[in-house]
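Single-structure report; data block below.
Here, each number is a calculation from the coordinates, and none is a lab measurement. What you are looking at is a predicted structure, and each value in this text was computed from that prediction instead of being measured. Cβ sites come from the backbone with ideal geometry, for glycine too, and all protein chains shown count toward neighbours.
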Amino acid sequence: MKPLPMVPISEAELREKEAKYCSHGDTVHYSPVPKFFQGCEGSFLYDREDKPYLDLQMWYSAVNFGYRNKAIVDALKAQLDRLPQLACQYLHEEKVLLSEKLAKESLRAFGLEGRIQYNVGGAQAIEDSMKLVRNATGKSLFMAFTGGYHGRTLGASEITSSYRYRRRFGHFSSRAHFVPYPYCYRCPYGKKLDTCDYYCVNQVERLFETEYNSFWDAKVSESEFVAFYVEPVQATGGYIIPPPEYLSRLQKILNERKILFVDDEIQMGFFRTGKFWAIENFGVKPNIVVFGKAMTNGLNPISGLWAEEALISPAKFPPGSTHSTFASNTLGTTAALATLNWIEQQQYETKVAESGAYFLERLEALKKRHVTIGDVSGLGLALRIEVTKPDRFTPDKELTDRIFEAGLAGGLPSSRGPMGLVLDIGGHYKNVFTLAPSLDITKSEIDLGIELLEYLFTTCAKV
Ligand SMILES: Cc1ncc(COP(=O)(O)O)c(C=O)c1O
């Protein structure tokens, strides 16, 4: 059968149809007029006129290993010809081999035996982790961070700090207790890291000091809260890196109170920060790790979690505890296995550290030239630019938005000809560019990114 010919359709017609037929509820619609793209390769997206855009956010870190990475795409194409679909109640080779690799990776990182289970998206895997915790403890109250983001299903919204995501939908289980995130540039307690002696984590410890703080029953040594959800580097919150000892000190407190440590690696996993799991930067051994996005390099929806054996053994978490038709779909597991094979053949620990250090050095120099950049920092290739008024502190969301839109408008002058720049905005005040470039970004592409940022900060600040 011949494929149907593609009928050319204008952008104006597409926009008209989008306005009529597409729900806007399932996208962020950050830009009032979202951009159409029609191609991608490496670190670049291409618009409908085939004009290039350097992408410094790579689908919120889902495409860590470059657009159309050939090794991963080829594995997926081969699976399309072999076993493209299969009900999850049957087994296929890739599922088992992928689970082995992920479990061994966690054994290497944490010294703990565990198992892997799959779902389709990040938020669904978070929901699965909530079930694991509830099943193991018989309790359902969680702690999480202000500025944290764990997804937008009903359950995940309860541990995501923004009330905006819950306001219109009522409560599904129970809203987490939100602890101030260690955001040192804007310390919630007005302290400075060199003199604070981790005041913020000591405040968490204080919650358990007396029963009247409403967390702890000293008579039976039991906490009312049973798990703490942590993004090792706060992602949507603005790529905020916690100070070096914060998470290990937090874990010590949680261990003493028998509270499980759930590590949300959905955005920071798979070498974004220079380590396989971002939590490895902080010397913490989590009880559960949740992942998604880059595990398939953004090719096919699949997510999952690793949990220590005591929580997830078949005796503890028996068949049917969760289920989704598409959970361990053959295309997803194949893309993920190919991604892990790809990772094994690269030297990302060294490479990401080197490119990240170079990028950060260039961002620090950029900051010196622009008074509207309040702060820059980075861990591996998770980098941030905090956009502020010229006092280098007051958040400037308007300027952030103008730069974002001007980058997406494309056609900026650059040494490589007219170029666009794809950025993403995060942060507690929506004034942070969260940079997640391809982990294979070259030095000259980093230079191009700096050139474009230089142009945008110069021209957009003048309005
Ligand atoms: C840290 C973190 N957790 C959970 C999620 C939710 O993942 P998904 O959008 O795949 O549901 C995200 C998505 O951005 C995330 O960054």
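Annotations for the structure displayed:
- Within segment 401-439, backbone nitrogen closer than 15 Å to the virtual label 7 Å beyond the Cα of Arg369 toward Cβ: 413-416
- The listed peptides 295-304, 274-283, ordered by packing as a protection proxy, come out as 295-304, 274-283 (highest mean of other Cβ atoms within 10 Å first).
- Taken as Cα centroids, segment 148-215 and segment 239-310 sit 17 Å apart, rounded to the nearest whole angstrom.
- Karplus (6.51, -1.76, 1.60) ³J(HN,Hα), θ = phi - 60°, over segment 360-376, in Hz, Gly and Pro reported as x: 5, 4, 5, 5, 5, 5, 4, 4, 4, 8, 10, 5, 8, 9, x, 7, 9
- Computed lengthening from Thr458 to Lys77, 0.36 nm per intervening residue step minus Cα-Cα distance: 132.7 nm
- Helix-only CD estimate at 222 nm, as mean residue ellipticity for the chain, using -39500 (n - 2.57) per DSSP H run (n ≥ 4): -11000 deg cm²/dmol
- Here the Karplus relation 6.51 cos²θ - 1.76 cosθ + 1.60, evaluated at θ = phi - 60°, turns the backbone of segment 178-191 into coupling constants of 9, 9, x, 6, x, 9, 4, 4, 10, 3, x, 9, x, 9 Hz, with x for every Gly and Pro.
- Ranked for footprinting exposure by Cβ neighbours inside 10 Å, fewest first, Val387, Val220 give Val220, Val387.
- Ranked by how many other Cβ atoms sit within 10 Å of their own Cβ, fewest first, the residues Tyr46, Tyr189, Tyr118 fall in the order Tyr189, Tyr46, Tyr118.
- Calculated P(r) of segment 412-463 - Cα pairs past 19 Å, %: 34
- Under 5 Å from the amide H of Gly237 lie the amide H atoms of Tyr149, Gly427, each residue being 5 or more positions distant or on a separate chain, with H modelled from the backbone and absent for Pro and chain starts.
- For the pair segment 94-145 / segment 392-417, the C-alpha centres are spaced 38 Å from each other.
- Cα-based convex hull volume of the chain per residue, rounded to whole Å³: 166
- Inter-label distance for Asn255 and Lys430, nm, one decimal - labels placed 7 Å from Cα along Cα-to-Cβ: 4.1
- In nm, spacing of pseudo-spin labels at Gln85 and Ala315 (7 Å Cα→C-beta vector): 4.0
- Between Leu412 and Met419, Gly420, the built amide H atoms are under 5 Å apart, and every one of these is 5 or more places off in sequence or on another chain.
- One decimal place: the segment Lys17-Val33 gains 4.4 nm when fully extended, by the rule 0.36 nm per residue minus the C-alpha distance.
- Ordering of 413-420, 32-39, 445-452 by packing [mean C-beta count within 10 Å, highest first]: 445-452, 413-420, 32-39
- You can think of it this way: the chain between Lys70 and Lys51 has 4.7 nm of extra reach, that is 0.36 nm per residue less the Cα-Cα gap.
- Dimensionless Rg/Rh of segment 73-345 - Kirkwood Rh, Rg from C-alpha atoms: 0.98
- Dipole of the chain [Lys/Arg +1, Asp/Glu -1 at C-beta], most positive-end residue of Ser174, Phe225, Ile241: Ser174
- Restraint check, Lys131/Lys252; Lys192/Lys367; Lys191/Lys258, Cα-Cα greater than 26 Å: Lys191/Lys258
- Cα-based Rg and Dmax for segment 244-385, where Dmax is the largest Cα-Cα distance (Å): 18.3, 60
- Protection proxy ranking of 331-338, 309-316, by the mean of other Cβ atoms within 10 Å over each peptide's residues and highest first, is 331-338, 309-316.
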